[in-house]
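Just so you know, all these numbers are worked out from the coordinates, no wet-lab data involved. Here the structure is a predicted model, which means the values were calculated and not measured. Cβ sites come from the backbone with ideal geometry, for glycine too, and all protein chains shown count toward neighbours.
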Ligand code: SF4
């Protein structure tokens, strides 16, 4: 989920990352917006394989090397048992998949875009279009699904602020 657009919209390059090398490895490196643009690429990541491994694992950018989600930290330090961590990941992935299915049913089919960005687009469409009752009902389901997903990712997956190595 760190790589497929569930937890993040993209990855920013950091010192030591070579945009040229990463481009050669297939990552579509662009520039972030803002006053000091830096190299970045969007998620879902182009290097993420069907079996959810990283195609460029040995050469992955620094942010990918250093990030550990809170579930992983908790499992590594014994605060949660590994089977429980696995169940939490699987349950959260099912929640994310449900949100993606609802987006698809609403016509938001861009699977090359992060879940958060797709939901934002859908919110904008709902405000500017004139959705019928069926679309409104689906959007209500989607909003609830995304809200539940945000609750669990913020509580369990994003590193907690008291962790010294939080990004
Ligand atoms: S480069 Fe590898 S580790 Fe980094 S986001 Fe892509 S698939 Fe994940």
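Points to keep in mind about this one:
- Segment 29-85 versus segment 103-167: alpha-carbon centroid distance in Å: 20
- Computed Kirkwood radius, in angstrom, where 1/r is averaged over Cα pairs of the chain: 17.5
- Over the chain: helical MRE at 222 nm, DSSP H runs n ≥ 4 each giving -39500 (n - 2.57), nearest 500: -14500 deg cm²/dmol
- Relative contact order (%) - the chain, alpha-carbon pairs under 8 angstrom, separation at least six: 26
- Restricting the calculation to Cα atoms, segment 96-167 yields a radius of gyration followed by a Dmax of 14.4, 48 Å.
- Burial ranking of peptide ranges 97-106, 68-77 (average Cβ count within 10 Å, highest at the top): 97-106, 68-77
- Set against the 2.2 N^0.38 Å expectation for a compact globular protein, segment 10-66 has a Cα radius of gyration ratio of 1.08.
- Look at the alpha carbon pairs under 8 Å that are at least 6 residues apart: their mean separation over the length of segment 70-157 gives a relative contact order of 41 percent.
- Considering only alpha-carbon pairs that sit under 8 angstrom and 6 or more positions apart, the relative contact order computed for segment 10-66 is 43 percent.
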